[in-house]
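*Asks:* Just dropping this structure here.
The values are calculated or read from the model by the stated rules, or taken from the named source; none is laboratory data. The structure displayed is predicted, hence computed values, not measured ones. FYI the Cβ positions are ideal-geometry reconstructions off the backbone, even for glycines, and counts take in every protein chain you see.
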Amino acid sequence: MSKPIVLVAAAALIDADNRVLLAQRPAGKSMAGLWEFPGGKVDAAETPEAALCRELSEELSIDVCETCLAPFTFASYGYETFHLLMPIFLCRQWDGDLLPREGQRIAWVRASRLTDYPMPPADVPVVPWLRDLLG
């Protein structure tokens, strides 16, 4: 029996000190308490880049231009009731100050410390790629 595919776009926001932003899923959401790369579901007739720009504005109060999103890798993971397909983009430039709008905690984390933060299973395979990239 096949599961529905859910398309989600995520970003590895990287600051001037080569740290990566993680957001903690707030209470009341599935996988609450786990740390993830920010992003969200891609709506019908929306590109992953447009969805990511929209989600980053809604969740973190920052404006990201689609041309500042560099395709990096993707995650593909079968959860119990759906299959997640998640393109992940690198982003080093945005406008505005980060302000979490959905009750989530955020943390700037060195790539070597990403494994210190429990993550949803789909996010975990991205960590070695970021460690290789950022050292």
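*Asks:* Here is a list: S57, S2. Which entry is under 14 Å from the mean Cα position of the chain (by Cα), hydroxyl-bearing (S, T, Y) and over 28 Å from G135 (Cβ atoms)?
*Replies:* S57
*Asks:* Please list, ordered by first then second residue, the pairs with beta carbon atoms under 9 Å, 6 or more apart or interchain, first in region 100-129 and under 18 Å from I14 (Cα atoms) and without any contact (Cβ under 8 Å) to a residue 24 or more places away in the chain, second in a loop (DSSP other than H, G, I, E, B) and not acidic (D, E).
*Replies:* Close Cβ pairs (under 9 Å, with a partner that is in a loop (DSSP other than H, G, I, E, B) and not acidic (D, E)) amount to S112/G135; T115/V124; V127/M119.
*Asks:* Oh, and also: Limited to region 34-80, what total is found for residues that are of a type in the set (S, T, N, Q) and at pLDDT below 95? Reasoning before the result, please.
*Replies:* If we filter region 34-80 for residues that are of a type in the set (S, T, N, Q), which is where we start, we get 47, 57, 61, 67, 73, 76.
From the residues that got through so far, the ones that are at pLDDT below 95 too are none.
The number of residues fulfilling the criteria is 0.
*Asks:* Which ones in region 93-112 are under 22 Å from A75 (Cα atoms) and surrounded by 13 or more Cβ atoms within 10 Å (Cβ to Cβ)?
*Replies:* The answer is I106, A107, W108, V109, R110, A111.
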